[in-house]
Amino acid sequence: MRQPMLISRRKPHDRTSLRAASVSSEYLRLVAYGAETRGLAPAKTLRSVGIDPEILVHSGARLPMERIPRLWMAIGERLRDPLFGLRLVEKIPFGAADLIDYLLRNCATVGESFRLMARFTPLLVDADRQALAVSGHEARLRLRTGLEVPAAAELFAGMVMRRSREIYGRSWSVRAVSFTHEPQGSRSEYDRLFQAPVRFGMPFNELVFHRDLLDLPQPGADARLKAILLHQAEAQLALVVAPRPVSFIEQVQRLLSDGMSEGDPSLTRVAEHLQLSMRTVQRRLRAAGVSHRAIVRKLRLNMAARSLVLSDLSQREIGRALGYSGAGSFHRAFKRWSGVTPGQARHRGP
């Protein structure tokens, strides 16, 4: 096994830089609280990476995200525990995520809770993206994190599992868990927490479960309280999501990247989000020297190249996860794009 990565080697999911993105003081409190339960002094740890501890007492404050990977790394190195993100799952109490925790707990069903979680993720980290994709009898809750920190992705997946089990007990289970990074430690720790097959080096961070679980009602949900909290969350989101000017191509790339997570990277979806006709989108892409198909192919095959190096999954499994009909079509597409076969790319390594 390769040495665990405290910071992922893969490139960010879009061109939003760490300097342009931000995280909330609520997110920072969550991480700091978890570190404190392991014996670290929050103020000292924050100062070591250039973060003023005073921010912890200011609700809704934000700071540049570029400092957060350094914070995760500092905590991991001081604890000498590459699995600390996973282990924090059992330390962080309900309410640590502030408004989001209470909003999601008062949704009528699991499905509504997951969809609102995806919508309001930017309140914590505005470069993160979540998506709920449903196909056949399966549902997939996916996270693409701008932090590129394995511990952060593991904390997210673990918190979803813990909260769901606390509410539903044996009624809740997942079919599989996937991470884009390599295992950070003993597989037994992952098995103990998730109680399901855990795969690494996959195209997505995701939890896979039966779609019927989306219809589970949340006991004790208060519809009136949810409406009040939803109004507050929408107001906060309007202040947070103030995107920097981006080019048309960047907008399309971002929408297609989000569409990959949701299982729909179609031109129709892109046009709807941009409020343009498909012909207009195609014309503007041609003027820039690219096409919808070429962008989707590049996104898929970049994910494939990473999975070939980081996982021992078969080419068929990787191709299927990315939407290819079979190993043959994936093999041909990969070779046309990269000039080498998937097997050669795997052999060459990173």
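Things worth noting here:
- To put it simply, the accessible area of segment 206-283 at a 1.4 Å probe is 55 percent carbon and sulfur.
- Annotation: extensible slack from Gln344 through Met278 equals 20.0 nm (criterion: 0.36 nm per residue apart, minus Cα-Cα distance).
- Candidate aspartates and glutamates - alpha carbon under 17 Å from Lys226, same-chain residues fewer than 8 apart omitted: Asp98, Asp101, Glu112, Glu234
- Relative contact order, percent, segment 6-155 [alpha-carbon distance under 8 Å, six or more residues apart]: 33 percent
- Cross-link partners of Lys44 among aspartates and glutamates (Cα-Cα below 17 Å; sequence separation of 8 or more within a chain): Glu36, Asp52, Glu54, Glu77
- Candidate values [x] 20.3; [y] 21.3; [z] 22.9, label of the one derived for Kirkwood radius over Cα pairs in Å: [y]
- Between segment 140-183 and segment 49-93, the C-alpha centres lie 18 angstrom from each other.
- FRET E, pair Glu66, His137, Förster distance 41 Å, beta-carbon r, rounded to 0.05: 0.50
- Element breakdown for segment 20-157 at a 1.4 angstrom probe: carbon and sulfur atoms account for 51% of the accessible area.
- Between Ala196 and Ala41, the simple spin-label model (points 7 angstrom out along Cα→Cβ) gives 4.2 nm.
- The length gained on full extension between Glu166 and Glu54, counted as 0.36 nm times the residue separation minus their Cα-Cα distance, comes to 37.1 nm.
- On Cα atoms only, tilt of 110-120 relative to the major axis of the chain in degrees: 90 degrees
- Rounded to the nearest 10 degrees, the angle from helix 68-79 to the longest Cα principal axis of the chain is 60 degrees.
- Result for the chain in a Gaussian network model with C-alpha springs under 10 Å: among Arg29, Arg297, Arg78, the largest mean-square fluctuation is at Arg78.
- Cα gyration tensor category, rounded, prolate or oblate, for segment 168-272 with a/c compared to 1.5: oblate
- Rounded FRET efficiency, nearest 0.05, which uses the C-beta distance separating Ala235 from Arg286 and R0 of 41 Å: 0.55
- Measuring nothing but how far apart in sequence close Cα pairs (under 8 Å, 6+ apart) lie, relative to its length, segment 200-350 scores a relative contact order of 25 percent.
- Rounded tilt (10° steps) of 150-168 against the dominant C-alpha axis of the chain: 70 degrees
- The gain in end-to-end length when the Asp264 to Met73 segment is fully stretched comes to 65.3 nm, 0.36 nm per residue minus the alpha carbon separation.
- Over the chain, Cα pairs under 8 Å with separation of 6+ residues give a relative contact order of 17 percent.
- Global geometry of segment 49-166, whether rounded, prolate or oblate, following the gyration tensor of its Cα atoms and the 1.5 cut on a/c: prolate
- Coordinate range of the alpha-carbon atoms in segment 112-197 per principal axis, descending: 32, 29, 26 Å.
The values are calculated or read from the model by the stated rules, or taken from the named source; none is laboratory data. In this text the structure is predicted, and so the values were computed from the model without any measurement. Every residue, glycine among them, receives a Cβ derived from its backbone with ideal geometry; neighbour counts consider all protein chains shown. With ligands, DNA and RNA removed, areas are computed over all heavy atoms of the protein, side chains included. Shrake-Rupley method; radii C 1.70, N 1.55, O 1.52, S 1.80 Å.
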